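Notes to accompany the following structure.
Every read-out reported here was derived from the displayed coordinates using simple, explicitly stated rules and does not represent laboratory data. Remember, predicted model here, so these are calculated numbers, not experimental data. Note that each Cβ is placed from the backbone with ideal geometry, even for glycine, and that neighbours are counted across all protein chains shown.
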Amino acid sequence: MSEALTSDNHLPAGAAAPRRAKPVRRFLRNPQAVISALVLGVVGGAVLLAPLLSTDPGAAELSKAFAGAEPGHPLGFDSAGRDVWSRLLHGGRNTLGGALIALAVALSIGVPSGLVAGYYGKWFDAVANWAGNFVMALPAMVVLLASRAILGPTMWVLMVVLGVLVAPSFFRLVRGIVATVRGELYVDAARVSGLRDRRIIARHVLIVVRAPIIIQIALVAGIAISLQAGLEFLGIGSGDLPTWGAMLNEAFQNVQRSPLFMLWPGLALGITSAALVLLASALRDVLEDGGTPPPRPRAARRARVSAPTTSDSAGARAALLSVRDLAVSYGSGASAVDVVRGVDIDVAEGEVVGLVGQSGSGKSQTAFSVLGILPEGGRVSRGSILIAGTEVVGLPEKRYRALRGGVVAYVPQEPMTNLDPAFTVGGQLVEPMRLRLGLSRKAAAERALELLRQVEIADPRRVFDAYPHEISGGMAQRVLIAGAMSCDPKLLIADEPTTALDVTVQAEVLELLRRLQAERGLGVLLVTHDLGVVADLCDRVAVMNAGRIVETGRTAQVLTRPQDPYTRTLIEAVLDDAPARPAWVAPRAADGAEVPA
Ligand SMILES: Nc1ncnc2c1ncn2[C@@H]1O[C@H](COP(=O)(O)OP(=O)(O)OP(=O)(O)O)[C@@H](O)[C@H]1O
């Protein structure tokens, strides 16, 4: 086996693939990020420590109006004889505090609603999208002015209103990303492994939106500060509170006498806003370009057409998997299309049943129906599916979850897209085991390493610690097989498990599946278009065409004495692909001379 493994494990054992530096390290290596964060740190620290670094901002000494700098008052006094330095620091507290309130409101409305709308879609998405568009269409300044007229001169409440006005920017951002991630195969895989939606969102979805949200926070904070300063400059804020905008307003009224008063709040606003924008741009480089790879576009589940009738005996039903009269439909009413019609399949314990047919014949739709993961718009419109005696058509999601991962497991077609690029292989194996088997982190990690050994990965520790992009396709498929085995299922649904792999690796993975099936006595429903794989692995085979099972029987019997014309065509197509005959060699006479044709 070790020889076989070398072709699969493209990276030599122990050789580490180039790893991306951790986000903190990338941040520290980015001068723009460090400088802008330092500037913001200094501004934030100064305003936080305002009571220690300055005196009462409201204390006025009229005799000192417009007086210059003196010890303890480095920026001099304003028109009312108040210390400009104290007002600048305390004003910063109110300005930044107001921006924080607006941000908190925007985040608490925009992020959860974007997550729910993006992940679940349906009516909530439509309503939230409409509401978001409506709020975005409102002119922010006019709404703030109207709010001030209705609610009175209270800056904090105006900041809450501002938060509501900018919430759609977070909603749109999160909704868009989550809607893409929702369609990722690794999210389907997490669902099949029995994880709850809440957990999938927290673990696989939030991590993808994390970086864009951080970047958006920096941008929106800059906008909130500017808007707030604008309101105060226009005299629409609280009036009595020192803020940078209010200082600008006061300074503007005395610009002829002391133009320097404009400088300090203007500088504070300019430096803080510029630092936030520069930080957002640096964070984009740090977190996105070199960070979590963006979700790979979901490989379209093939949807091509191809044209029906016997199947497993409709009588006795197998103990492990028994499908009867299954129909899968897309669309509704007159436009409904049945892509699977009247399918009957049985898989007994320890039996390998091949589901074979050309592309678009409905094999994957049948498998997805068994797993309860039909793509959006698809539904089981008729029939019955018994898994270990439990009817799963119409089964509540909670009970379905208990079956998936535990009784029935899934090995998908495309290994790479079924692993979450944001987590290590080990992390992805450990999580379902902790949840389903109630193991501690340590015990689950040990079991994961043992499973990696069982699927013949040469260096389990390295693969355990690796991210999906650091392993080969063949290794990724072994990892998924290890994951499928992790909760000791009885039934395995394998959907073209070797199609995406190169030929040598295909043979190894098939050999592995054969060994695990025999050792564990698994029942397997093997979806494939490859009659060679069927001949190699399957006890029985069901041939599918245009959504129907056209022939079922023992593998040897179906392959050697096919009854249905479509099965014969399939077999003949394979024979047509047989290796070409050797090149013609001209016959030679006894003396070696070429015989003329
Ligand atoms: N999301 C969808 N919406 C509408 N029709 C779909 C959808 N997905 C698949 N179909 C249709 O269902 C039929 C069966 O597709 P299915 O993916 O099961 O084929 P398959 O036999 O597994 O093919 P392949 O080997 O290429 O995956 C196809 O005709 C396809 O057009």
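Cα centroids of region 160-227 and region 353-375: how far apart, whole angstrom? With region 160-227 and region 353-375 each reduced to a Cα centre, they are spaced 32 Å. Considering helices alone, the calculated mean residue ellipticity of the chain at 222 nm is -16500 deg cm²/dmol, with DSSP H runs of length four and up weighted by -39500 (n - 2.57) and normalised per residue.
Spin-label pair GLN253-GLN32: with each label point 7 Å from Cα along the Cα-Cβ axis, the two points sit 4.1 nm from one another. Looking at region 408-564, the pairs of alpha carbons with a distance over 20 Å make up 51% of the total. For a straight C-alpha distance cut-off of 18 angstrom, the aspartates and glutamates reachable from LYS442 (same-chain residues fewer than eight places away being disregarded) are GLU431, GLU450, ASP465. Cross-link partners for LYS490 among the lysines, with Cα-Cα distance under 22 Å and sequence neighbours closer than 8 places in the same chain left out: LYS363, LYS398. On the beta carbon distance between PHE134 and THR504, with R0 = 41 Å, the FRET formula returns roughly 0.10. With both labels modelled 7 Å from their Cα along Cα-to-Cβ, the LEU267 to ARG25 distance reads 3.9 nm. Each peptide in 133-143, 242-252, 32-42, 322-332 gets a packing score, the mean of other Cβ atoms within 10 Å over its residues, and the list from highest to lowest is 242-252, 322-332, 32-42, 133-143. Would you please give the FRET efficiency between ALA573 and ALA348, computed as 1/(1 + (r/R0)^6) with r the Cβ-Cβ distance and R0 = 30 Å, to the nearest 0.05? Once the sixth-power term is evaluated, E becomes 0.50. Between LEU49 and ARG379, the modelled labels are 6.4 nm apart [label points 7 Å from Cα along Cα→Cβ].
Averaging Cα coordinates gives a centre for region 384-410 and one for region 19-89; these two points are 62 Å apart. Each peptide among 49-59, 447-457 gets the average number of other Cβ atoms lying within 10 Å of its residues, and from highest to lowest they stand as 447-457, 49-59. Applying 1/(1 + (r/R0)^6) with R0 = 45 Å to the Cβ-Cβ distance of GLU61 and ASP285 gives a FRET efficiency near 0.35.
P(r) tail, the chain: Cα-Cα pairs separated by more than 45 Å, 39% of all pairs. Tell me, rounded to the nearest percent, the portion of alpha carbon pairs in region 372-481 spaced more than 21 Å apart. Considering region 372-481, 46 percent of its Cα-Cα pairs are separated by more than 21 Å.
With K and R counted +1 and D and E -1, the other residues having a Cβ less than 9 Å from that of GLU431 yield a net charge of +3. Largest first and in whole Å, the equivalent-ellipsoid semi-axes of region 26-178 read 40, 22, 10, each the square root of five times a Cα gyration tensor eigenvalue.
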